[in-house]
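Have a look at the structure below, then the notes.
The values are calculated or read from the model by the stated rules, or taken from the named source; none is laboratory data. As the structure is a computational prediction, the values presented were derived from the model and not from experiment. Every residue, glycine as well, gets a Cβ built from its backbone with ideal geometry; the counts of neighbours run over all protein chains shown. Surface accessibility is based on the protein's heavy atoms, side chains included, excluding ligands, DNA and RNA. Shrake-Rupley method; radii C 1.70, N 1.55, O 1.52, S 1.80 Å.
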Amino acid sequence: MSGDGNRNEVIIVGAGIGGLTLGLALHQAGISCRIFESTAEIRQVGVGINLLPHATRELAALGLEEALASVAITTTDATFFNRFGQLIYQEPLGRAAGYEHPQFSIHRGDLQRVLLDAFRARAGADRVVTDRHCVAVAQDGGGVAVTFAGASGADRVTIRGRVAIACDGINSVVRKQFFPGEGEPRYSGVNMWRGVTRWKPILSGASMVRAGWLSHGKVVIYPIRRSDTCGLQLVNWVAEIETPNYRKRDWNRAGSLDDFIWAFADWHFDWLDVPAFLRAADSVLEFPMVDQDPLPRWSFGRVTLLGDAAHPMVPRGSNGAGQAILDARALATALLAHDDPVAALSAYEQQRLETTARIVLTNRTNPPDAILREVFLRTNDKPFRAVEDVISREELVELSDGYKRIAGYSKAALRS
Ligand SMILES: Cc1cc2nc3c(=O)[nH]c(=O)nc-3n(C[C@H](O)[C@H](O)[C@H](O)COP(=O)(O)OP(=O)(O)OC[C@H]3O[C@@H](n4cnc5c(N)ncnc54)[C@H](O)[C@@H]3O)c2cc1C
């Protein structure tokens, strides 16, 4: 195989959350790497993301907690309501719940910026190469050769390295190369409209609110930046409604308020006027809620998948970014532990594939918002007199804790 590059280098495809965290973890482990990113410029795209304590623990180990805390909201509680605005359940989160590490609610662009700045400062700015869209990977006994094209599809270059890690997200080119018959991401039947609104603090000012249910309209609302000089926070929201038709996921697709505002028209609560809040959004994006069935394998010799490329999941458990971060740590540890790169990628897969497959499947059936589903079904979508008449506190706690155990952030798991 021909091509440029350093044969001892790890080639990372994609400078998203997983690729940048992997770069930082490899740099910390003393392993040389270079990140190749498709876009010409890494800009602030997307809206809010949550980082749970298992992910913030890894980011703290990379020395990033302070930088993240300065741009994120340290989330204090999860609060669930029915569509009549009645409180179903509230529990503390992160440090407020006694974890050693916080939960952060953060703009995806702010998170990516913190990771990118740290990686460039530590590894060198030339270690991130933009405008390099991966089109194919090849390998032989001596290494990998990854071919990239510029934005126009021209300017092909092939870079050689020791291993290649595909962190190229939900539409991964490398995943498609290994699984050509897999087809497009699987639509969950739920469409999402997302946006941010500048609004005065809601509830604690650091609450993650979930309300309603998917068949009639559900919202998830949480602040992602601190109050500005006018006392307004940047508040992320997602409106989710079961919808038969959808269009392919594009992170930049503009959505229309008229397509979903009807579901929330009478949600005037003492803690928030939901339609007024949604109408005040800066802009609206529209994404279908999609995932993929778990794969039988991720590693093929010297090439493996990481993050959304390996295990895209529906965003109902706040775990997409977190699991990419955990993958990055596991992979860096495996590469440090094994001289043989093929053995390292196989050990990484063994550690992470089944765990993440369980999360993908649980996100479809019993993520934290199963609490909302239970109350919706048991009340037949009617207001209740007292929530205890519908569901016990113990059952609510178990629904929430069951997901934490599966997703790997129960307090017991993080203590070990
Ligand atoms: C633009 C964008 C906006 C997003 N917005 C949100 C959001 O608002 N809320 C949310 O919860 N999640 C969002 N996500 C998804 C979220 O970042 C991921 O689910 C999660 O963080 C897992 O990270 P990842 O690194 O696996 O994938 P991503 O963070 O998606 O990163 C993938 C990276 O690979 C790059 N890439 C793709 N194809 C190639 C290629 N062929 N060659 C080289 N590079 C390539 C992409 O440009 C991107 O930088 C967004 C992702 C993207 C790309």
Single residue of segment 111-159 satisfying the filter (of a type in the set (D, E, K, R) and on the phi > 0 side of the Ramachandran plot) that is surrounded by the most Cβ atoms within 10 Å (Cβ to Cβ)
Asp131
Kindly list, by first and then second residue, each pair from a residue in segment 16-28 that is among the hydroxyl-bearing types (Ser, Thr, Tyr) to a residue that is modelled with pLDDT of 95 or more and not in a helix (DSSP H, G or I), limited to pairs with Cβ atoms under 8 Å and residues at least 6 apart or on different chains.
Thr21/Leu62
Hey, His27 within 29 Å of Gly408 (Cα to Cα), open to solvent by 10 Å² or more (accessible area, probe 1.4 Å) and not acidic (Asp, Glu) or not:
yes
Contact list please: Cβ distance under 8 Å, first residue in segment 296-314 and on the phi > 0 side of the Ramachandran plot, second residue within 9 Å of the ligand (Cβ to nearest atom) and among the hydrophobic types (A, V, I, L, M, F, W, C), pairs at least six apart or on different chains.
Gly307/Ile17; Gly307/Cys167; Gly307/Ala324; Gly307/Ala328
Which residue pairs have Cβ atoms closer than 8 Å, lie 6 or more positions apart in sequence or on different chains, and pair a first residue in segment 60-71 that is over 12 Å from Gln112 (Cβ atoms) with a second residue that is among the charged types (D, E, K, R) and open to solvent by less than 30 Å² (accessible area, probe 1.4 Å)?
none
Out of the residues in segment 176-200 meeting the condition of being open to solvent by less than 50 Å² (accessible area, probe 1.4 Å) and assigned to a loop (DSSP other than H, G, I, E, B), tell me which one is modelled with the highest pLDDT.
Phe179
Can you tell me which residue among Pro341, Pro368 is crowded, with 20+ Cβ neighbours inside 10 Å, more than 12 Å from the ligand (Cβ to nearest atom), over 14 Å from the mean Cα position of the chain (by Cα) and farther than 16 Å from Ile11 by Cα?
Pro368
State yes or no: is Gly317 under 21 Å from Thr355 (Cβ atoms), open to solvent by less than 40 Å² (accessible area, probe 1.4 Å), in a loop (DSSP other than H, G, I, E, B) and within 13 Å of the ligand (Cβ to nearest atom)?
yes
